[in-house]
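Quick note: the coordinates plus some simple rules give every number you see, no bench work behind them. From a predicted model like this one, the values you see are computed outputs, not experimental measurements. Because the Cβ atoms are built from the backbone with ideal geometry, glycine has one as well, and the counts that use them run over all protein chains shown.
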């Protein structure tokens with residue numbers, strides 16, 4: 001579905017990613033793992049088009065997308081849940097969700113998708129007319145995921161799902177992502193909690209200092225001595 005070939009990327013003269021090779025298969029849950037500053041968020045921004053790569057090729061559904069702008073990638077089915085949620089705190093839940101439907105002009109489809117999001121996250125239906133800034137952290141993360149889902153993505157990228165959330169809330173969100181995956185959406189999830197991420201993912205990539213240092217099936221990564229020592233404290 002998505003392939004990164006020898007990607008180098010960063011910010012102006014600062015290179016963050018080096019020779020990244022990565023494949024995402026349709027229908028899977030892929031975990032991107034690594035400590036703070038490893039380059040995970042930069043990688044997601046490169047996939048979405050927020051950052052243009054210095055080198056290499058991005059291929060999505062067998063087409064090169066290096067030169068395709070962000071809004072067109074959304075229309076192609078790539079959607080991002082950004083780190084820190086990036087919601088409009090003074091706007092209502094409904095207004096924030098509608099921001100995710102900017103690319104299509106179809107009120108009927110817009111309403112259908114809105115209703116669909118409310119079935120995924122029933123609490124958002126209760127909070128529909130409430131300002132996002134008054135919601136709990138978990139509810140805000142639900143709203144951020146819902147906004148990304150409004151564009152009906154084929155590929156959903158989630159940056160730091162569990163950031164600032166209680167473990168019980170994270171568990172609920174993980175279970176919801178399982179349902180979203182079963183509906184046909186491919187997931188790429190960035191997470192610092194290596195154990196939690198690999199418990200749910202099909203495969204994983206470990207990024208260190210802007211390079212992929214390990215990849216494979218999630219269960220095999222969990223039992224890998226290097227991962228256990230470096231990331232699980234074993």
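Points to keep in mind about this one:
- Filtered residues of the range 63-82 (kept if surrounded by 15 or more Cβ atoms within 10 Å (Cβ to Cβ), in a loop (DSSP other than H, G, I, E, B) and without any contact (Cβ under 8 Å) to a residue 40 or more places away in the chain): 65, 68
- Subset of the range 25-40 (residues that are on the phi < 0 side of the Ramachandran plot and surrounded by 22 or more Cβ atoms within 10 Å (Cβ to Cβ)): 29, 30, 31, 32, 33, 38, 40
- The range 209-219, subset touching a helix residue (DSSP H, G or I) at 6+ places or on another chain (Cβ under 9 Å) and over 14 Å from residue 21 (Cβ atoms), residue surrounded by the fewest Cβ atoms within 10 Å (Cβ to Cβ): 219
- Test: residue in the range 108-116 that is closer than 24 Å to residue 31 by Cβ, surrounded by 14 or more Cβ atoms within 10 Å (Cβ to Cβ) and free of Cβ contacts under 8 Å to residues at least 60 places away in the same chain: no
- Single residue of the range 166-192 satisfying the filter (over 18 Å from residue 80 (Cβ atoms) and crowded, with 18+ Cβ neighbours inside 10 Å) that is farthest from the chain's Cα centre (by Cα): 170
- Unmet criterion (only one of (1) loosely packed, with under 15 Cβ neighbours inside 10 Å; (2) farther than 17 Å from residue 81 by Cβ) for residue 228: (1)
- Hits in the range 83-104 (condition: within 15 Å of residue 118 (Cα to Cα) and part of a helix (DSSP H, G or I)): 93, 94, 95, 96, 97, 98, 100, 101
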